[in-house]
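Please find one structure pasted underneath; my questions will follow.
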Amino acid sequence: MPEWLNIMIRSVVAIVYLFLLTKLIGKRQIRQLTYIEYIVGITIGSIAAFMATDMDGPMYHSLIALTIIGLFPVLMDWLSLKSKMIRNWVEGNATILIKDGKILEDNLKKERLTSEELLEQLRTKNVFRAADVEFALMETSGELSVLLKSQHQPVTPQHLELVVSPAEEPQAVIMDGVIMDEPLSTIGLNRRWIRAELEKAGVALENVFLGQVDKGGQLYLDLYDDKLQVPQPIEMKLTFATLKKCQADLELFALETQNKSVKRAYRFDSEELQDVIDLIKPLLIR
């Protein structure tokens, strides 16, 4: 066999075997490396390169070495699940770098971080003052986790005691000018509805790069031509405005009429309609 063909075969075998081995090790080898996984990643790469170019030794020797070294992190993960002591030794522990707005210099030295590097990592979390931080921890992955003091945290609907509708993933019903039937059927719509909405917006199907439908049944379009502006759907807001007008009219009728029974009926209907508006407002106003 020619030497170049032997190298090609060995290289393909090495790549395929490394791929299978990486799939077996799991996604964390790519997402987050522990100390052992970092060492294993370097080692198996070196062995695979040696296997592809070493013409003298048999290929199965390298495959055995790859298997043993590649399965070692799987074994350590299994042992880590069984023992916290092993888990702490293999993965390490998170280190508190900031507590109550005070930087812990000793822990900073322990992680071999300078103040500039700490500030840089804080800026990646949109934090520009260390004094605003309640806790900042260096995770075992090397990432910085930051908890802001309560007065510096963004205001949420929960802080304002507002009721909002639960978030749901919008369905992509148009991609690259093509209608996607499966997502449409998932939300109970069809091609006729899509074409009616496109006609209402004055947009041709072939000009749509992406079309998404939210849980309220509103179609949002992104066109190939970024200079063209598509009007945003306003049906939900119009519905909310109409309901509020009806509720206000009922209150006005109750004030204007002199008939006590009719006045009570108008007020009752106004209160009932207001309860309905409060209930569906999170679905209409987003």
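Under 5 Å between amide hydrogens, which residues at least 5 positions from Thr257 or on another chain qualify, with H placed 1.01 Å from N in the peptide plane?
Here the answer is none, since no amide H 5 or more places off falls under 5 Å of that of Thr257.
Starting from the Cα-Cα distance between Val276 and Asp181, subtract it from 0.36 nm times their residue separation and give me the gain in nm to one decimal.
Going from the current span to full extension adds 30.8 nm.
A further question on this structure: Please compute the modelled spin-label separation between Arg264 and Lys200, points set 7 Å along Cα→Cβ, answer in nm with one decimal.
In this crude label model, Lys200 to Arg264 measures out at 4.2 nm.
Sort His61, His152 by heavy-atom solvent-accessible area, probe 1.4 angstrom, most to least.
His61, His152
For Thr53 paired with Thr67, estimate the spin-label separation in nm (one decimal), with each label point 7 Å from Cα along the Cα-to-Cβ line.
Placing both labels 7 Å beyond Cα along the Cβ direction yields 2.6 nm.
At R0 = 30 Å, how high is the FRET efficiency between Asn126 and Lys244 if r is their beta carbon distance? Nearest 0.05 is fine.
My answer for the efficiency is 0.25.
Moving on. By how many nm would the segment from Glu256 to Ser150 grow when fully extended, if each residue of separation counts as 0.36 nm and the alpha-carbon distance is taken off?
33.3 nm
Okay, next question. Out of residues 5 or more away from Leu97 or on other chains, whose amide H comes under 5 Å of its own, with H placed 1.01 Å from N in the peptide plane?
Counting only residues 5 or more places away or on other chains, the set is Ala136, Leu137, Met138.
Answer rounded, prolate or oblate for the stretch 43-101, using the Cα gyration tensor with square roots of eigenvalues a ≥ b ≥ c: rounded when a/c is under 1.5, else prolate when a/b is larger than b/c, else oblate.
Note, shape of the stretch 43-101 comes out oblate.
Estimate the FRET efficiency between Ile39 and Ile9 by the formula 1/(1 + (r/R0)^6), using the beta-carbon distance for r and 45 Å for R0, to the nearest 0.05.
0.95
Using the structure shown, list the pairs from Lys200/Lys245; Lys125/Lys227; Lys200/Lys227; Lys215/Lys244; Lys84/Lys109 with a Cα-Cα distance above 30 Å, or answer none.
Lys125/Lys227
With every protein chain kept in the model, how would you rank Thr95, Thr43, Thr242 by accessible area, 1.4 Å probe, largest at the top?
Thr242, Thr43, Thr95
For every other residue with a beta carbon closer than 14 angstrom to the beta carbon of Arg112, add +1 if it is Lys or Arg and -1 if Asp or Glu, then tell me the sum.
-3
The values are calculated or read from the model by the stated rules, or taken from the named source; none is laboratory data. If you're wondering where the values come from, they're calculated on a predicted model, not measured in any experiment. Cβ sites come from the backbone with ideal geometry, for glycine too, and all protein chains shown count toward neighbours. When the accessible area is computed, the model is the full protein with side chains, heavy atoms only, and any ligands, DNA or RNA have been set aside. Shrake-Rupley method; radii C 1.70, N 1.55, O 1.52, S 1.80 Å.
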